[in-house]
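Please treat every number below as a calculation from the coordinates, not as lab data. Since this is a predicted model, take the numbers as computed values, not measurements.
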Amino acid sequence: MELFDREQDKSKKLDSFFMRRMTENDRRIRLIEEKVDNMHQKIKIIEDSVLRHNKESTFQLSKSSDNVDNLNNKISEIDSSIKMILMEVKRSAKKTELMEMKKFFDLLSPIKNQFITREEVKKIIRRERR
C-alpha cells in the first residue's frame, strides 16, 4: 500500500504541477490577448487618424488647386489688359508729334499772332490810294 500511496502522491504532485502550469499558461494567454486587443485599438486609432489626415490633405490640395486656377485666370486677365494698353500706347501720339502740333497751333493762334481780316486789308489799301 505504501507503494500505492507513493504513486498516488506522485500523481497528485504531477496533477498539481500541471494545474499550476495550466493556470500560468492561461494567465499568460489572457495577458497576450489583452496586449493584442490593445494593439488592435491603437491600430484602429492610427488608421482613423491617417484617414482623417488624408481627407484634410485632399481638401487642402483641392482648395490650393482652385486658388492656383484663380490666380492663373487673374494673370491671364492682367496679361490681356497689358496687351490692350500697349496697343493703345502704340496708337497714341508721341511726345515729338505733340510738340509739332503745339508749334503749329501756336503759329496759327489768333491770340498770339495778329492777323488782319479782309476788310481791314481793304481799308488799308483804300487809305493808301488816297
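A few notes on this one:
- Axis angle, to the nearest 10 degrees, between helix 95-108 and the longest C-alpha principal axis of the chain: 30 degrees.
- Ratio Rg/Rh [Cα only; Rh per Kirkwood] for the chain: 1.99
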